[in-house]
Amino acid sequence: MTFIENIYKQVTQLTYLTTDDFSINWLQQSRSYYSSNKARGIEASTCVLVKLMNKLTEQKAKLEFNNKKQHPFLLEGAKRYDELARQVGKEIANRSIKSNIANNVVKDMLVKIVAEVNEQRNPHPLPIIIGF
């Protein structure tokens, strides 16, 4: 079973979803993308996994936003979407730094670059120091 098949099965435990819906609305691909890849035993591309991760985090946010009364069922659903998004994120990260492709120097460099890019996009404000 491929990584994307495993994720599809987990998503269908959270919401009713056809393979066509998954391809179009979750992977942003053609209707037959998932089915075709599954039949051929081909894994989804990293770009597609990023799109899937976006959708998973959107679903989590929707459940959290619509959950003003902190309903346990909705909280659990949001938690499961978050866990799935993290699984996808780990897969993306692992693909980026596979041990047979990158040496330790390159792996460390990639981790630093991702941190730098993230800091540039979401800069932390400088701390305010109040002297007495």
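The values are calculated or read from the model by the stated rules, or taken from the named source; none is laboratory data. For clarity, every value in this text was computed on a predicted model and none was experimentally measured. Because the Cβ atoms are built from the backbone with ideal geometry, glycine has one as well, and the counts that use them run over all protein chains shown. These accessible areas exclude ligands, DNA and RNA; they are computed on the full protein's heavy atoms, side chains included. Shrake-Rupley method; radii C 1.70, N 1.55, O 1.52, S 1.80 Å.
Per-structure values
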quantity: Subset of the stretch 11-45 [open to solvent by less than 60 Å² (accessible area, probe 1.4 Å) and of a type in the set (Phe, Trp, Tyr)]; calculated: Phe22, Trp26, Tyr33, Tyr34
quantity: Which listed residue, of Ser23, Ser45, is of a type in the set (Gly, Ala, Ser) and modelled with pLDDT of 95 or more; calculated: Ser23
quantity: Residues located in the stretch 21-59, provided they are among the acidic types (Asp, Glu) and farther than 15 Å from Arg95 by Cα; calculated: Asp21, Glu58
quantity: Candidate set: the stretch 65-85, residues that are more than 28 Å from Arg95 (Cβ to Cβ) and open to solvent by 90 Å² or more (accessible area, probe 1.4 Å); chosen: the one nearest to the chain's Cα centre (by Cα); calculated: Phe65
quantity: Of the criteria (1) crowded, with 17+ Cβ neighbours inside 10 Å; (2) out of contact with any Phe, Trp or Tyr (no Cβ under 7 Å at 6 or more places or on another chain), which one Tyr8 fails; calculated: (2)
quantity: Leu14 touching a Gly at 6+ places or on another chain (Cβ under 7 Å) and in a loop (DSSP other than H, G, I, E, B); calculated: yes
